[in-house]
Amino acid sequence: MNTKKALTGLLVLLLCASMLGGCGNKNGTPAAPEAAPAADARNSGVAGEETADGYRFLVTDGNGNPVPGVSVQLCSDTECKLCTTGADGIAAFDDPEGKYTAHILKVPDGFASDNTEYEVPEKFSTVTIVLQSDGSGSSDGVSAGQPANLLTESDHPEVGISMDFPYADKKGSFAISAVSLAVSGATVGIFLYYYLPLEPEKYPEYADYMTNASAAEENGGEIPEAPETRYENDEMISPLFTVCALTGDYGDDAMSLISDMFDGEDYEKTHTLRKLDTKGDTDFFLIEGKAEETPKLKETMADFYDEYQEILADPDTFLSALTFSEPEITEEKKFRIPDTPFLFETTDLDGNPVKLEDIFKDHKVTVVNLWATWCPPCRGELPELAEYAKEWEKLDCQLIGICHDGYEEAKEAKEILKQNGCEYLNLVYTDEMEAMLETGSFPSTFFFDSKGNMIAAPIAGALVNRYPKVLEKCLADMEQ
């Protein structure tokens, strides 16, 4: 059994297409169950008792003392986040569950660099990283939060959904995953409900096994014997229902926006939205699609399969247990278009001085892609950006890049751009730009008019399918 994959296989982000990829069932993707309702998003690096609701990294020295001021990078397939350890040595990320890797980017004076790539275990876990004087790092064990035995109720204010447990008489177990993401001018709340072919009283034992097995696999130890459960492959957790909460300016683009986060055009062809309710400026939708009958799933679930299909066929019972309210969107999920133009002075990657005022003035729209050399999703979208840059020139628009670590990695940045055929202008990021380019994600893409005014909400993450759509809307708005 691939325990590492089983533990980490849920939402991919930020906010990304693979983060919410389909699994051939009715809605969404398989996922590791949440142990408890998620707390407010926090990337502060200052951890208290509640920080176990996300991914935690405890960085210590060889004597077990916490090391503050360490830059930790968390990456999914489409975006990366940065966080700095606080006085307690902890960097915390309250991101969607999914498959992530982590790196130490910078260490304080007195410590050697750590180049280890850490595969991140399930949410509600802590990875301890020990900085050694010779530069080696080690994962020193994983501790998981105590999972709920049986969900009786769940309150997720971050997506505006509360649920009274409707299936108390069922023999299987259930799990919830909820996340709020900022995408293209809207905030998207996702509430996923899962079925586990496992008796509720066996769930804590299995969760402990998964945690211990993942830690053993990560550290080369002996994998413990599995408890007697039917979880024997990656189809162990099956989706039942997915509800989306869309807040803000998404226009008539609801299905397209959601499709880009799941499987793109193919997802849009096979799924529809059923509007459920409206609270304030938030609309709630049930995502409906065709459930596929698979022999493998039936074999996996064994005598739980009929119950799973019965629940799946009756979404109204699930919906009757939901209560909707305006989402409590945290400041981290909000983005307000600045009132001031983005007019700064910097240099290109060769050190030549550049005024953004001069860059913007000769084009209707300038698309700015903020990226970094250390960010895999940033590098992954470069070939497509190279093609976009050529196409957009015909529209009197342009693409430029701003390399976040270009001031110290200019040579590497130029080599990466050359390898990917990127001939468009790339500039060096400066601290003065931070307030206007802050989305919390790498890459992020912004849209400016000829005077340097931001004219659309930025796109956080490598959602390359959305860039032309937003640019098209910007040009259409200019003609009105």
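The values are calculated or read from the model by the stated rules, or taken from the named source; none is laboratory data. Keep in mind the model is a prediction, meaning the values are calculated, not measured. Note that each Cβ is placed from the backbone with ideal geometry, even for glycine, and that neighbours are counted across all protein chains shown. To get the accessible areas, we keep the full protein, side chains included, count just its heavy atoms, and leave off ligands, DNA and RNA. Shrake-Rupley method; radii C 1.70, N 1.55, O 1.52, S 1.80 Å.
I need the calculated FRET efficiency for the pair E345 and T270, taking r as the beta carbon distance and R₀ as 35 Å, to the nearest 0.05.
Efficiency, from the Cβ-Cβ distance: 0.10.
Kindly report, to the nearest 10 Å², the accessible surface of M255 as traced by a 1.4 Å probe over protein heavy atoms only.
So the heavy atoms of M255 present about 30 Å² to solvent.
Taking a ≥ b ≥ c as the square roots of the eigenvalues of the Cα gyration tensor of the range 331-460, is the shape rounded (a/c under 1.5), prolate (a/b larger than b/c) or oblate?
Because its axes are fairly even, with a/c under 1.5, the range 331-460 counts as rounded.
Each residue of the range 273-282 in turn: what ³J(HN,Hα) in whole Hz from Karplus with 6.51, -1.76, 1.60 and θ = phi - 60°, glycine and Pro shown as x?
Couplings: 10, 10, 6, 9, 6, 9, 10, x, 9, 10 Hz.
Using Cα pairs under 8 angstrom and six or more residues apart, how large is the relative contact order of the range 353-480, in percent?
33 percent
Tell me the per residue accessible area of the range 375-480 using a 1.4 Å probe; a whole number in Å² is fine.
46 Å²
Give me the extension gain from Y305 to K106: residue separation times 0.36 nm, minus the current Cα-Cα distance, reported in nm with one decimal.
Length difference between fully extended and current span is 66.7 nm.
Can you pull the one-decimal nm distance between simple spin-label points at M255 and T116, each 7 Å off the Cα toward Cβ?
Result: 4.8 nm between the two label points.
Taking a ≥ b ≥ c as the square roots of the eigenvalues of the Cα gyration tensor of the range 383-480, is the shape rounded (a/c under 1.5), prolate (a/b larger than b/c) or oblate?
Verdict is oblate for the range 383-480.
Once fully extended, how much extra length lies between E423 and K361, figured as 0.36 nm per residue of separation less the alpha-carbon to alpha-carbon distance?
Contour length minus Cα-Cα distance gives 20.3 nm.
Report the calculated FRET efficiency for T323 and I223 (r = Cβ-Cβ distance, R0 = 45 Å), to the nearest 0.05.
About 0.60, to the nearest 0.05.
Ranking request for peptides 462-470, 77-85: highest mean number of other beta-carbon atoms within 10 Å first, then the rest in descending order.
The most tightly packed comes first, giving 77-85, 462-470.
Would you mind calculating the relative contact order of the range 390-457 from Cα pairs under 8 angstrom and at least 6 residues apart, reporting the percent as a whole number?
26 percent
Hey, can you rank 449-455, 300-306 by average C-beta count inside 10 Å, highest first?
The most tightly packed comes first, giving 449-455, 300-306.
Classify the range 356-402 from the C-alpha gyration tensor, please: rounded if a/c falls under 1.5, else prolate or oblate depending on whether a/b exceeds b/c.
Here the range 356-402 falls in the oblate category.
Would you tally the net charge around C375, using a Cβ to Cβ cut-off of less than 13 Å, leaving C375 out, and scoring K and R as +1, D and E as -1?
Counting the neighbours of C375, the net charge comes to -4.
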